[in-house]
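One structure is given below, encoded as C-alpha cells.
Every number in this text was worked out from the coordinates using simple rules, so none of it is lab data. These numbers come from a predicted model, not from an experiment. We place every Cβ from the backbone using ideal geometry, glycine too, and count neighbours over all the protein chains shown.
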Amino acid sequence: MIKAQVLVAGRGKAGAIKPASSPEEAQRVAQTIFSMTVKGEKVAKVLVEEQLASRYERYVSIVVDRGSKCYTILCSTEGGVDIEQVATLHPEKIIRYRIDALLGLQEFECRTVAKQLGYSGQQMSKVASIVSKLYQIMLQCDGELIESNPLIETEAGDVVAADLRILVDDNSLFRQKKFLERSKTFEPDMSELEIKAREKGLAFVELDGDVGIIGNGAGLVMATLDMIIDYKGKPANFCDVGGGASEERIASALEIVLANPRVKVLLINIMGGITRCDDVARAILDIQKKMGITIPMVIRLVGTNEKEGQKILAAANIPSLNSMEEAASKAVSLISGGI
Amino acid sequence: MAILVGRKTRAIVWGITGSQGQFHTQLMLEYGTKIVAGVTPGRGGHEVHRVPVFDTAREALENVDADASIIFVPAPYAKDATLEAIAANLNPVVVITEGIPVKDEILIMEIAKQKGTTIIGPNTPGIITPAQCKLGIMPGHIFKPGKVGLVSRSGTLTYEIAASLTNAGLGQTTCLGVGGDPVVGMSFVDVFKMFRKDPATKAIAMIGEIGGNAEEMAAEYVKKTKYPKPIVAYIAGRGAPAGKRMGHAGAIITGKAGTAETKIEALRAAGVRIALKPGEIAKLIKHPKLTLN
C-alpha cells in the first residue's frame, strides 16, 4: 500500500491511498500520489507498507468527553466506515469506556475494552496493548482525539492498527513544540488568511459572504453573524479581537478582514466594557487614514465612554449606531442597495 | 441572597503581580470586593494596591482569612495555580485564564470533584453578585441588584445581555460565565440547581452557544424536574459552519453534533423560551414582578 502522508482526513476517498502489486507499479503509483494536493496540502511524503488482507475491521479512538470531563475510549465492531453514521444509526454498536484522570488507564481496563470488542486469547492481549499505547500517545502529545480506523484483523489472525490519526490540542502548542513548527506552515482546512490571523492572535474564520465582521468577544461576534443572516445578508468572516481590544489588534483585524476581496461592507461591533469606546473610535479613524479604507463601514460602539466615542466618529462622517439590530440591518441594506 | 459569592466573600488573587492581575485587582477592589491577598511565587513580601502578596497559599492563609480565589496566571502555569487554590480549600475557584490545555483541565476538574470544589471557568469573565462581590473581569457598572439569575458561556455577549436587562429595569441576583472551553467546571445544570435553591432568583437568563451538549443536558434537566422558574435562552452560532472553532475553544460543531438548531429545539421542547436576538431576552423575561422598585 502506498499512503500519502498528509495532515487531513479522508485520504482514501481522495485517491491518496493506493495498492501496488510490483515494485514498478509502486513507483508509478507513488509518482501519481506525489503529484497530488489533498485538501490543500501538497503530498511531500508517502508511506509504503505491507498490504494486509483484512478479515474484519473495527474502530477504536480516545476522545475528550466534554460532559464527563475526562478522556473516553470509543470503539465499535463496525470499523472502516464513518463512525458518526454508526453512532447515529446503531448507537448500541458503540462501546464507551471512561478513563479516570487520576487512576489512568490500567492494563485490566484495556483488556476489558478488548473483550467488549469481541476479542479473546492472544488477540485480546494485542488489542489491549494497542489501546494502552493509544492512551500513552494521547497524553504525550496532548491529543484531543486519537483514532485507529480501521483496526484490522488479518487473515493470519493478527490485529493491526492499520491507520492512525491524532488531533493535537491547539492550546498545548506552547509545550508541543514539534507540532507548533508544523502548524505555522500548514493547517488542514485553514485558509491562508486564517493562518495569518492566528499568527496575529486573532480568532478568525473565513466565510463566503460579503459583509466583513469585526467584534470583541466570541459570543458577541457569533451573535452578530447570526443577525446578519437573519437580515438576509451573508457574512464574509468571523473575527474576534478579544476582550481588551487595543489599537494594534483592531488594526490587524481590519488588515486581515479587508484583505478578502469579497468584502463590500464592514461591520464593527464593539461592546466596550473595560475597553473605552473613545479609544476604539480613535483607533478606527487612525487606521482608516493609514490604510485608506474606501468601502462603507457601519460601526456599533456602546459601553464605557460611548458618547465620546460616537462623537469622534460622527465628526469623521462615520455613522455609529446604538443597537446591534440597527447596525446589522444597516450593513445588509448597504449591500442590497448596491451601495 | 445570591449564589456562590456575596458580601462576605474574601478572595485571594493568583497572578496579582501580572498586568491583568494588577489591573483587575484594582477594579475588583473599587467594586467593593474583599481581595485579601495575592499569590505570586517569588514576589512574597510585596504589595499590589495595598494587598499583601505571598509566595504560597499556605503563607497567605497563615496571615489572612479567605474562602475564594481568582486565577489570572498565564496558561502554562494555570494548572499549578488552580491546584494550589483547590488544595488550600478555597471555594469557589474562578479561572479567568484562556488557553489552558484540555489535558490540564481534565486533571483540574477531577481533583476539584474529589475535593468538592466549585470551579468557575476556565476562559470565563468570572462571577458577579451585583453591589456585593465581583470576582471577574466584567465591567461592574452594567449590573444592578435584582431578581434575574444569568448564566453564560460567553464574555462580551454576557455584558450585552446584562446591560439590556439592567436597562429594562431587570436587576440580577448573580451573573456568571461557566467558561468557553470544552472542559469547564460548571455545567448549565449545576448552575440551574443553585438558582433553583436561591429564593431571590425568580427567573433565569441563559446564554449558550454551539459546541458540546451542555444546553441539551440543561433542557433534559429542566424537562425532567419541571423546573419551577421561568428560563429564557439565547443560543449563539446559528450561522456558524461545521468544523470551525468560533473564537472559543469549545465553540465547534463536530459533524452534526453541537449545532445551535439542536440546542434550540431541545430547549424549546423543555419549555424554555428562546430569544432569537440577544436584545429579546429582556423583552421575554420582563414581568411586573421582576422589575426593580
| task | Set Lys and Arg Cβ to +1 and Asp and Glu Cβ to -1, take the dipole of segment A:192-336 about its Cα centre, and tell me which of A:215, A:322, A:193 lies farthest positive. | result | A:322
| request: Please get the size of the charge dipole for chain A, origin at its Cα centre, with Cβ charges of +1 on Lys and Arg and -1 on Asp and Glu, quoted in debye to the nearest 20. | output: 400
| request: Past 21 Å, Cα to Cα, is the threshold; run B:34/B:134; A:13/A:93; A:13/A:133; A:330/B:277; A:264/A:289 against it and keep the listed order. | output: A:13/A:93; A:13/A:133
| request: Note down the nm distance, to one decimal, between modelled labels 7 Å out along Cα→Cβ at residue A:286 and at residue A:316. | output: 1.0
| In degrees between 0 and 90, to the nearest 10, how far off the longest principal axis of chain B does helix B:75-87 point, with axes built from Cα atoms? | 80
| note | With x for Gly and Pro, the residue-by-residue ³J(HN,Hα) of segment B:186-202, computed from phi through the Karplus equation 6.51 cos²θ - 1.76 cosθ + 1.60 at θ = phi - 60° and given in whole Hz, is 10, 9, 4, 4, 4, 6, 4, 4, 5, 5, 4, 7, 8, x, 6, 7, 10
| Rounded to the nearest 20 Debye, what is the dipole magnitude of segment A:137-215 about its Cα centre when Lys and Arg each give +1 and Asp and Glu each give -1 at the C-beta? | 600
| remark: Expressed in angstrom and ordered largest first, the alpha-carbon extents of chain B along the principal axes are 55, 48, 31
| Comparing A:78, A:192, A:92, which has the greatest mean-square fluctuation in the GNM of chain A with Cα pairs linked when under 10 Å apart? | A:92
| request: Extending each Cα 7 Å along its Cβ direction at residue A:232 and residue A:129, get the distance between those two points in nm, one decimal. | output: 6.6
| request: Compute the Kirkwood hydrodynamic radius of segment A:1-77, taking the inverse of the mean of 1/r over all pairs of distinct Cα atoms, and give it in Å to one decimal. | output: 14.6
| In the protein assembly as shown, what % of DSSP beta bridges are antiparallel (nearest 5)? | 50
| remark: When A:88, B:40, B:97 are ranked with the fewest other C-beta atoms within 10 Å first, the list becomes A:88, B:40, B:97
| For residue A:53 and residue B:256, what is the calculated FRET efficiency with R₀ set at 35 Å and r taken between the beta-carbons, to the nearest 0.05? | 0.55
| message | Can you sort A:278, A:158 from fewest to most other Cβ atoms within 10 Å of each residue's own Cβ? | response | A:158, A:278
| task | Could you pull out every whole DSSP H run in chain A that spans at least 24 Å of Cα extent along its own axis and averages -1.0 or higher on the Kyte-Doolittle scale? | result | A:121-140
| query | Which percent, nearest 5, of DSSP beta bridges in chain B are antiparallel? | reply | 20
| remark: Computed over the protein assembly as shown, the convex hull of the Cα set has an average projected area, in nm², of 30.7
| Does segment A:192-336 classify as rounded, prolate or oblate by the C-alpha gyration tensor (a ≥ b ≥ c root eigenvalues; a/c under 1.5 gives rounded; else a/b over b/c gives prolate, otherwise oblate)? | rounded
| task | Working from the alpha-carbon coordinates of chain A, get Rg over Rh, Rh being the Kirkwood radius. | result | 1.10
| Ascending count of other beta-carbon atoms within 10 Å, so fewest first, for A:59, B:221 | B:221, A:59
| said: Could you work out [θ]222 nm for the protein assembly as shown from helices alone, using -39500 (n - 2.57) per DSSP H run of at least four and dividing by all its residues? Round to the nearest 500 deg cm²/dmol. | reply: -11000 deg cm²/dmol
